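Contents: one structure, followed by commentary.
Just so it is clear, none of the values below were taken in a lab; they were calculated from the coordinates. Everything numeric in this text was worked out from a predicted model, so none of it was measured. Counting neighbours? That spans all protein chains shown, and the Cβs are built from the backbone with ideal geometry, glycine included.
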Amino acid sequence: MPTTATRNSKSQAVTTDMMSEVSKINREPGAYNYIGGKWLKASSGESFPNVNPATGEILGQWPSSGKKEVDGAVAAAKRALESWRKLPAPKRAEYLLKAHDILVSRKEDYARAMTQEMGKVLKETRGDVQEAIDTALYFTGEGRRLFGETTTSELADKFAMTVRMPVGVCALITPWNFPMAIPSWKVFPALICGNTLVLKPASYTPASATLLIEALAEAGVPAGVVNLVHGGGGVVGNALVEHPDVRLVSFTGSSDVGAGIAARCGQLFKKVTMEMGGKNAQIIMDDADIDLAVEGAVWGAFGTTGQRCTATSRIIVHDGAYKAFMDKFTAKVGKLRLGNGLDEKADVGPLVSDSQLKVVEKYVAIAQKEDKAKLLAGGRPVKSGDCAQGFFYEPTVFEGTPGMRIAQEEIFGPVVVILRVKSFEEAITVLNDTKFGLSGSVYTKDINRVMKAIRDMETGITYINAPTIGAEVHLPFGGVKQTGNGHREAGQTVLEIYTEWKSVFVDYSGRLQKAQIEDNPDKK
Ligand code: UN1
């Protein structure tokens with residue numbers, strides 16, 4: 001997942017206040033925190049710029065918040081909790097449905113704004129908004145489910161059931177690569193379950209999260225239920241984690257940051273969910289449909305400029321498919337068009353920032369000097385023509401071996417490594433040879449291999465004849481090993497995150513019955 005990095009501010013060119021074009025809120029300039037139902041600036045008066053990674057333009061100034069804003073937001077969320085948790089879930093769902101309708105009606109405007117601040121191409125930011133729309137609708141429906149269970153009691157005249165309770169005030173810390181979808185995965189289920197929340201979005205993509213929160217504010221969600229605080233992870237994120245009234249922290253981001261948050265939440269006895277790194281692989285067997293596998297590999301590796309936690313960063317090719325696959329794959333990679341994501345002709349946008357570009361440069365240097373991998377395509381930043389001012393890097397392909405650093409460490413950029421194998425068994429072993437376990441894919445027509453892949457891949461998501469990216473919101477999302485800490489977002493499984501179970505016993509015998517101590521009295 002994305003690393004937290006310092007924003008590059010070398011190219012401080014034209015200022016275009018992008019939010020004034022897309023937002024429907026009439027606000028003071030820079031008042032993008034949403035606390036207790038009010039749009040506010042940071043009390044320090046300080047701000048940070050939002051930079052378009054394709055052009056270097058500054059798109060706006062965002063509040064650099066501190067502990068004061070966090071305290072205000074958590075206090076507002078705590079105050080709002082009493083009435084929000086008691087509002088029947090179908091009523092809570094009505095707000096979600098209104099927010100859904102707003103997102104549908106503004107999808108195109110929001111996607112354009114998101115491409116400007118994040119860089120990925122328009123068809124992908126449209127998909128990002130669509131993922132938020134799908135999530136809103138799915139959890140609207142959940143308002144009339146939120147099922148518990150009824151069961152029998154071991155004692156006579158006693159009824160037993162389970163009910164779901166909200167957890168309380170939730171702190172949601174989200175990344176820049178899916179700047180609306182990932183906040184929506186957390187915000188909508190948290191709300192439908194009766195929690196109140198404070199969202200801290202990545203500082204590379206403050207507008208996308210703000211537009212999502214605007215939709216909820218406009219839908220009439222009561223003041224304090226949803227709060228938004230912008231600023232750095234070191235200040236705002238930490239203050240949220242430390243705050244005694246925050247009961248749950250849900251984090252998506254880099255493994256380094258996640259490990260620190262998880263450890264601290266452990267000490268503080270907070271519920272904590274993590275979604276972090278991936279080193280996802282696509283296997284291409286000798287019986288695969290090669291054209292399909294090529295198309296999938298290009299999309300999986302270079303979609304979102306490789307900046308997905310589900311991105312394909314290793315391609316495991318069987319000897320029998322090697323020549324046919326490699327010829328077509330490298331040819332197709334060479335034809336990918338880099339450009340500003342607003343240009344419908346661009347296939348691949350820039351990296352999100354100069355520091356992310358530097359991470360890619362660092363790994364390409366490691367691949368060549370330390371790993372001694374063979375460079376097959378790309379390998380250079382692009383600093384000319386339409387790409388002159390942005391953070392662009394050529395789609396890059398190496399051939400290497402499983403132990404190399406580029407085959408083990410998450411790069412989060414347009415770099416993929418080819419690993420050649422001799423058998424299906426070896427392919428699965430190589431796929432599993434990583435500390436991560438998010439997503440994996442196999443291209444084959446052999447049903448026995450398909451079933452073995454489903455059984456043996458150590459991943460939270462497995463694709464058959466499809467790339468490693470493309471999860472849908474009604475199925476669990478997350479991974480095994482160091483990708484996470486055992487939770488799953490999306491689908492029904494996310495309810496396990498945003499609710500606590502309560503077991504309820506109703507004794508209608510009119511006398512004291514002692515579980516485990518007395519037998520059913522009728523059988524005495
Ligand atoms: C991510 O990579 O951080 O499955 C999220 C996918 C998208 C979500 C990706 N639906 O690729």
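Structural remarks
- Cα→Cβ-extended label distance, 7 Å offset, between Glu218 and Thr429, nm: 5.7 nm
- Per-residue Cβ neighbour rank within 10 angstrom, fewest leading, His474, His243: His474, His243
- A straight chain from Arg145 to Ser503 at 0.36 nm per residue would run longer than the Cα-Cα distance by 127.1 nm.
- Signed unit charges on C-beta, dipole axis of the chain, positive-most listed residue Val348, Ile192, Leu419: Ile192
- Charge-dipole axis of segment 280-464 as Lys and Arg at +1 and Asp and Glu at -1 on Cβ define it, positive-most pick from Ile461, Val442, Leu338: Leu338
- Among Met457, Met161, Met114, sorting on how many other beta-carbon atoms sit within 10 Å of each Cβ, with the fewest leading, yields Met161, Met457, Met114.
- Computed on the Cα trace of segment 308-395, the radius of gyration divided by the Kirkwood hydrodynamic radius gives Rg/Rh = 0.99.
- Using only alpha carbons, segment 428-522 has a radius of gyration to Kirkwood radius ratio (Rg to Rh) of 1.29.
- In the chain, helical runs assigned H by DSSP with n ≥ 4 each contribute -39500 (n - 2.57); averaged across all residues and rounded to the nearest 500, the mean residue ellipticity at 222 nm is -11000 deg cm²/dmol.
- The charge dipole of the chain, taken about its Cα centre with unit charges on the Cβ atoms of Lys, Arg (+1), Asp and Glu (-1) only, comes to about 780 debye.
- Across segment 280-464 the C-alpha pair distances fall into 10 Å bins from zero in the proportions 10, 40, 35, 13, 2, 0 percent.
- Between His474 and Val163, the simple label model (points 7 Å from Cα in the Cβ direction) yields a spacing of 2.8 nm.
- Taking θ as phi - 60° and the Karplus parameters 6.51, -1.76 and 1.60, the scalar couplings of segment 115-121 work out to 4, 5, 8, 10, x, 5, 5 Hz in sequence order, x denoting glycine and proline.
- Footprinting exposure proxy for Glu57, Glu518 (fewest neighbouring C-beta atoms within 10 Å first): Glu518, Glu57
- Per-selection Kirkwood Rh - the chain (Cα, Å, 1 d.p.): 24.1 Å
- Between Ala331 and Arg380, the FRET efficiency estimated from the beta carbon spacing at R0 = 22 angstrom works out to 0.75.
- For the listed residue pairs Lys120/Lys332; Lys98/Lys271; Lys38/Lys67, the alpha carbons are over 23 angstrom apart in Lys98/Lys271.
- Ile35 long-range amide H proximity, modeled H, under 5 Å: Leu40, Leu228
- Extending 7 Å from the Cα toward the beta-carbon at both Ser43 and Ile464 defines two label points whose distance is 5.8 nm.
- Modelled FRET efficiency - R0 22 Å, Lys345 with Leu292, Cβ distances, 0.05 increments: 0.35
- Each peptide in 273-279, 403-409 receives the mean, over its residues, of other Cβ atoms within 10 Å, and ordering these scores from highest gives 273-279, 403-409.
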